[in-house]
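Okay, structure first, notes after.
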Amino acid sequence: MSSRLWDKGLPMDQKILEFTVGKDFILDARLVRFDIEASIAHVRMLGKCGYLNQAETEKLVDTLLLIGQAHEDGNWTISLEQEDCHTAIESQLIVHAGELGGKVHLGRSRNDQVLVAMRLYLREVVSLMRGAIKNVTGSLEKLADQQGTIAIPGYTHMQQAMPSSVSHWANGFASEITANEALLDAADQLANLNPLGSAAGYGTPGLKLDREFTTSVLGFSKTQEPVTACQLSRGKAESALAFALVQILNDLGRLSSDICLFATQEYALVKLGKDVSTGSSIMPQKRNPDVFELIRAHSAQASSDMQAIIALTAKMTSGYHRDLQLIKEPLFRLIDRTFQVAEITSHALRRIEFDPERAKEITDPSINQAEEAYALVQSEGISFREAYKRVAEQNM
Ligand code: ARG
């Protein structure tokens with residue numbers, strides 16, 4: 001027997017199956033846990049609305065919990081023939097609960113199932129991401145605590161501009177990294193709408209379902225209405241999250257670029273610990289900042305992941321389309337990339353050392369000229385423009 005839900009006994013061309021499924025059966029592994037959670041809420045709702053009796057409801061819930069645990073333990077995986085996590089879970093349900101398993105799909109479709117599972121996943125990602133960026137800012141705060149008083153030049157146009165310090169430098173990045181929380185909030189808000197009950201995209205005529213019930217069980221802030229909005233919104237929370245992650249990675253990329261520059265022999269402002277730099281196969285003296293170069297490279301590739309997500313829904317007509325499936329690969333890659341890069345950044349930042357002597361050596365005394373002009377304004381009551389001219393003339 002075929003495991004496809006929509007199978008009507010007609011042969012399926014293997015080539016077409018492989019093409020349409022793509023990597024979905026592999027990528028969906030991370031959605032199993034969330035589909036189980038949403039399926040349990042759906043089953044309880046069917047019970048509450050009288051479509052399942054109490055014994056059926058409890059049996060289905062128990063079996064779903066069991067299936068979820070078995071997946072976590074590695075006892076089953078989604079097969080290509082099953083196409084995705086939704087079909088795989090229903091097949092498992094039928095294996096373990098027999099005909100009763102066939103009752104679970106009343107009033108839902110894979111179209112709202114994938115929406116709800118993805119949103120539960122995105123909400124978890126947003127919450128874990130807040131922790132991941134806190135670790136990075138924690139490392140920056142530690143750097144500021146331990147080496148913050150070291151004076152370093154502040155640059156504009158890559159030219160020495162004004163006096164700065166390690167704490168000024170580190171706190172600036174920490175503050176901007178934290179500011180990305182506002183973008184995570186936006187993604188969270190978009191993911192916080194319950195699409196379950198929209199089914200294929202047009203609701204469930206003839207059935208009396210309680211959508212508010214699953215909204216509250218799953219902890220969503222609202223039921224998404226009208227049902228026609230649900231499919232139109234697929235990709236939106238994903239895009240918002242992608243934008244937030246790109247901004248986080250951009251901040252980490254710029255931080256890394258500074259460190260690569262500061263670690264050159266010409267600057268020599270930063271020493272990279274042995275455990276954070278890498279050697280060369282030909283030049284024995286080399287200690288390279290590969291870690292920071294790669295962080296920067298990930299930040300560059302991140303925007304192509306984001307573009308792949310945003311571009312997908314452009315100009316698509318309303319309702320579900322299989323195109324939407326392709327959001328997963330760039331989205332998951334971007335999420336994994338960001339967690340990995342945030343973790344390595346907080347690790348590596350604890351292993352860099354600014355050199356206070358070298359910082360003095362490279363700082364041009366002219367760096368204080370703006371301050372000298374400010375002093376003249378205050379001591380002599382002249383205009384800033386006049387003070388600027390005097391300081392410039394004195395230093396010609
Ligand atoms: N794997 C599909 C996706 O990610 C699930 C929904 C399939 N629905 C369908 N009508 N073919 O979009």
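The values are calculated or read from the model by the stated rules, or taken from the named source; none is laboratory data. For clarity, every value in this text was computed on a predicted model and none was experimentally measured. Cβ atoms come from the backbone with ideal geometry, glycine included; neighbour counts cover every protein chain shown.
Counting only residues that are within 15 Å of the chain's Cα centre (by Cα), give me the helices (runs of 4 or more DSSP H) lying completely in region 301-396 with at least 3 of them.
Passing ranges, in order: 328-349.
So which residues in region 1-32 are among the hydrophobic types (A, V, I, L, M, F, W, C), modelled with pLDDT under 95 and touching a helix residue (DSSP H, G or I) at 6+ places or on another chain (Cβ under 8 Å), if there are any at all?
LEU5
Would you check if GLU141 is within 19 Å of ASN171 (Cβ to Cβ) and away from the ligand (no atom under 16 Å from the Cβ)?
It is true that GLU141 is within 19 Å of ASN171 (Cβ to Cβ) and away from the ligand (no atom under 16 Å from the Cβ).
Conditions (1) within 16 Å of the ligand (Cβ to nearest atom); (2) over 18 Å from the mean Cα position of the chain (by Cα); (3) not small (Gly, Ala, Ser), marked per residue:
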{"residue": "SER79", "(1), (2), (3)": "yes, yes, no"}
{"residue": "GLN82", "(1), (2), (3)": "yes, yes, yes"}
{"residue": "CYS85", "(1), (2), (3)": "yes, yes, yes"}
{"residue": "GLU99", "(1), (2), (3)": "no, yes, yes"}
{"residue": "LEU115", "(1), (2), (3)": "yes, no, yes"}
{"residue": "VAL126", "(1), (2), (3)": "no, no, yes"}
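Could you give me the residue pairs with C-beta distances under 6 Å whose first residue belongs to region 211-237 and is under 16 Å from GLY107 (Cα atoms), whose second residue is among the acidic types (Asp, Glu) wherever it lies, and which are 6+ apart or on separate chains?
THR223/GLU212
For (1) under 26 Å from GLU238 (Cα atoms); (2) surrounded by 21 or more Cβ atoms within 10 Å (Cβ to Cβ); (3) in contact (Cβ under 8 Å) with a residue 60 or more places away in the chain, each residue gets a yes or a no:
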position: SER256; (1), (2), (3): no, yes, yes
position: GLY279; (1), (2), (3): no, no, no
position: PRO289; (1), (2), (3): no, yes, no
position: ALA300; (1), (2), (3): yes, no, no
position: ALA311; (1), (2), (3): yes, no, no
position: ARG337; (1), (2), (3): yes, no, yes
position: GLN340; (1), (2), (3): yes, no, no
position: ARG350; (1), (2), (3): no, no, yes
position: PHE354; (1), (2), (3): no, yes, yes
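How about region 264-277: which of its residues are part of a loop (DSSP other than H, G, I, E, B) and in contact (Cβ under 8 Å) with a residue 60 or more places away in the chain?
Across region 264-277, the qualifying residues are TYR267, ALA268, LEU269, GLY273, ASP275, VAL276.
For region 278-300, name all the residues that are among the basic types (Lys, Arg), outside any helix (DSSP H, G or I) and touching a helix residue (DSSP H, G or I) at 6+ places or on another chain (Cβ under 8 Å).
none
For region 72-121, what are the residues that are of a type outside the set (S, T, N, Q) and out of contact with any helix residue (DSSP H, G or I) (no Cβ under 8 Å at 6 or more places or on another chain)?
Across region 72-121, the qualifying residues are ASP73, GLY74, GLY98, GLU99.
It is to be established whether one or more residues within region 42-64 are touching a residue at least 12 places away in the same chain (Cβ under 8 Å), surrounded by fewer than 16 Cβ atoms within 10 Å (Cβ to Cβ) and within 13 Å of the ligand (Cβ to nearest atom).
no
Does region 88-124 hold any residues that are buried (at least 24 other Cβ atoms within 10 Å of the Cβ) and β-branched (Val, Ile, Thr), and which are they?
Answer for region 88-124, where residues must be buried (at least 24 other Cβ atoms within 10 Å of the Cβ) and β-branched (Val, Ile, Thr): ILE89, VAL114, VAL116.
Take the residues in region 220-246 that are assigned to a loop (DSSP other than H, G, I, E, B) and out of contact with any Leu (no Cβ under 8 Å at 6 or more places or on another chain); name whichever of them is surrounded by the fewest Cβ atoms within 10 Å (Cβ to Cβ).
For region 220-246, the residue satisfying everything is PRO226.
Of all residues in region 101-113, which are away from the ligand (no atom under 12 Å from the Cβ) and charged (D, E, K, R)?
Passing the criteria: only LYS103.
For region 30-39, check the following and say yes or no: at least one residue is in a helix (DSSP H, G or I), surrounded by 23 or more Cβ atoms within 10 Å (Cβ to Cβ) and hydroxyl-bearing (Ser, Thr, Tyr).
Looking for residues that are in a helix (DSSP H, G or I), surrounded by 23 or more Cβ atoms within 10 Å (Cβ to Cβ) and hydroxyl-bearing (Ser, Thr, Tyr), one finds at least one in region 30-39, hence yes.
Restricting to region 314-361, and then to whatever is within 12 Å of the ligand (Cβ to nearest atom) and acidic (Asp, Glu), can you tell me which residue is nearest to PHE292 (Cα to Cα)?
GLU329
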